[in-house]
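A.B. asks: Quick one: the structure is below, questions incoming.
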């Protein structure tokens, strides 16, 4: 083999290695941005729900004079969700979401005892809107967690780990809810409290 052929082979191997590294980098960038996009989708729904909750509480206040504790818990949980979502603190957001979902479950269950409230069109629309937003958040949460999982696995796999380490790619936290918040609301138990 001549010297020229060796140089061509070495340059060819280097070119293939550089192209492969660029492809890995670009794939990792895409995976990272999928996580960001998935979070943005959740954040939009959280903000929409954040805006709707005071309207729901106001609609309930005039009917539910004796349920101030429940209304206060919903508003407090709303503030915690907002704070955690602004800081993108997934563990705190998961806990705050649990409090909010429990509060809303209790609020909707207690509304059953107030026929005038239940038949109020504004309350019905808000309840329907918030329930729809809850379903959307659950769907987006699933997509977010899948995107996070893909990102976290990719940055730990070889050879991606080399490129990820060189360029500072980081792992993301899953958005998880505690088991207690995933359980169905026991409506009968709520009325005993």
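A.B. asks: Just one of (1) modelled with pLDDT of 90 or more; (2) within 17 Å of residue 74 (Cα to Cα) trips up residue 109, so point out which.
C.D. replies: Result: residue 109 passes all but (1).
A.B. asks: While we're looking at this one, here's another question. Take region 132-166 and flag every residue that is more than 16 Å from the chain's Cα centre (by Cα), loosely packed, with under 13 Cβ neighbours inside 10 Å and part of a helix (DSSP H, G or I).
C.D. replies: 153, 162, 165, 166
A.B. asks: So residue 26 clears everything in (1) surrounded by fewer than 17 Cβ atoms within 10 Å (Cβ to Cβ); (2) modelled with pLDDT of 95 or more; (3) under 21 Å from the mean Cα position of the chain (by Cα) except one condition, right? Which one?
C.D. replies: Of (1) surrounded by fewer than 17 Cβ atoms within 10 Å (Cβ to Cβ); (2) modelled with pLDDT of 95 or more; (3) under 21 Å from the mean Cα position of the chain (by Cα), only one is false for residue 26: (3).
A.B. asks: State all residues of region 82-102 that are out of contact with any helix residue (DSSP H, G or I) (no Cβ under 6 Å at 6 or more places or on another chain) and surrounded by fewer than 18 Cβ atoms within 10 Å (Cβ to Cβ); if no residue qualifies, say none.
C.D. replies: Passing the criteria: 83, 86, 87, 88, 89, 91.
The values are calculated or read from the model by the stated rules, or taken from the named source; none is laboratory data. Just so it is clear, the structure is predicted and the values come from calculations on it, not from any experiment. Positions of Cβ are backbone-derived with ideal geometry, glycine not excepted, and every protein chain shown enters the neighbour counts.
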